[in-house]
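Below you'll find the structure, written out as structure tokens, and then a few comments.
The values are calculated or read from the model by the stated rules, or taken from the named source; none is laboratory data. Model, not experiment: these values are computed from the prediction. For neighbour counting, all protein chains shown are included, and Cβ atoms are generated from backbone atoms with ideal geometry for every residue, glycine included.
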Amino acid sequence: MYKILIVEDDPTIAEAVRKHLSTWGLEARCAEDFQNVLGEFGDFTPNLVLLDISLPFFNGYHWCQEIRKISKVPVVFLSSVSDNMNIVMAMNMGGDDFIAKPFDFNVLMAKVQAILRRTYDFGGQVPVLEHRGAILNTADASLTFEGERLELTKNDYRILLTLLQSKGQVISRDTLMEKLWETDSFVDENTLTVNIARLRKKLDTLGLPDFITTKKGLGYIVQ
């Protein structure tokens, strides 16, 4: 089931769009925290974003640029300001389409379905994983937190991916070692300890202390 994030501060419009998308079998969610749209994006990992231009705190152009730093997910702008300048601006900021308000729900649905077909029938999605506001982009193996981007080594990425895919669960050292080295040959357990310690230092520098917790005798967890 495709997931759609609706970033629209008019609750009547947002709920009407959500209900209409739901009747077509799509999982739709309305954004609630307009100061942290990127966090909601990371938490929901949508396949498409419907984004109003006029929003509290930061406008839709800002959030489109922030989304584009971590994902290639389609973004469709919704706006009552539909002059040529705003349409061009929306496309230049990374938007995939522009729908003027007021719009016909059937037209909206047709455009959404067309973009989903074009994007995912051929290209596949670019998922992201979120925890405590940190967003792991699986497309380019980077971690973003509060606008700061951290390039990850292969082992950094595999550790974080394994832990975030099972958020809230303890992952054993053996499981992590298998994910990191994917080999039957012997690897000294101290090598994993060193890798975890290096990654923790990077996370501390990024502003994410205690992001990875050790469960003595069991393994590691993010929660």
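Every test in (1) within 28 Å of GLY147 (Cα to Cα); (2) surrounded by 17 or more Cβ atoms within 10 Å (Cβ to Cβ); (3) out of contact with any Ser or Thr (no Cβ under 8 Å at 6 or more places or on another chain) is passed by ASN92 save one, and that test is (2).
Scanning region 21-42 for residues being under 16 Å from the mean Cα position of the chain (by Cα) and either of a type in the set (A, V, I, L, M) or part of a strand (DSSP E or B) (or both) gives a total of 7. Please indicate, with yes or no, whether at least one residue in region 25-35 is crowded, with 20+ Cβ neighbours inside 10 Å and within 22 Å of THR144 (Cα to Cα). Checked region 25-35: at least one residue is crowded, with 20+ Cβ neighbours inside 10 Å and within 22 Å of THR144 (Cα to Cα). LYS215 satisfies every condition listed in (1) modelled with pLDDT of 90 or more; (2) crowded, with 17+ Cβ neighbours inside 10 Å except (2). Sub-8 Å Cβ pairs linking a first residue in region 34-60 that is in the same structural domain as LYS167 (by TED's automatic domain parsing) to a second residue that is assigned to a loop (DSSP other than H, G, I, E, B) and not acidic (Asp, Glu), at least 6 apart or interchain, number zero. Going by the conditions given, is ARG18 in a helix (DSSP H, G or I), modelled with pLDDT of 90 or more and more than 15 Å from GLY95 (Cβ to Cβ)? Spelling it out, ARG18 is indeed in a helix (DSSP H, G or I), modelled with pLDDT of 90 or more and more than 15 Å from GLY95 (Cβ to Cβ).
Checked against the criterion of being surrounded by fewer than 20 Cβ atoms within 10 Å (Cβ to Cβ), assigned to a helix (DSSP H, G or I) and either at pLDDT 85 or above or over 17 Å from the mean Cα position of the chain (by Cα) (or both), region 122-140 contains not a single residue that satisfies it.
Considering (1) surrounded by 17 or more Cβ atoms within 10 Å (Cβ to Cβ); (2) touching a residue at least 60 places away in the same chain (Cβ under 8 Å), the lone condition that ARG18 does not fulfil carries the number (2).
Of the candidates LYS167, LYS201, the single residue that is assigned to a loop (DSSP other than H, G, I, E, B), within 26 Å of the chain's Cα centre (by Cα), in the same structural domain as ALA141 (by TED's automatic domain parsing) and surrounded by fewer than 16 Cβ atoms within 10 Å (Cβ to Cβ) is LYS167.
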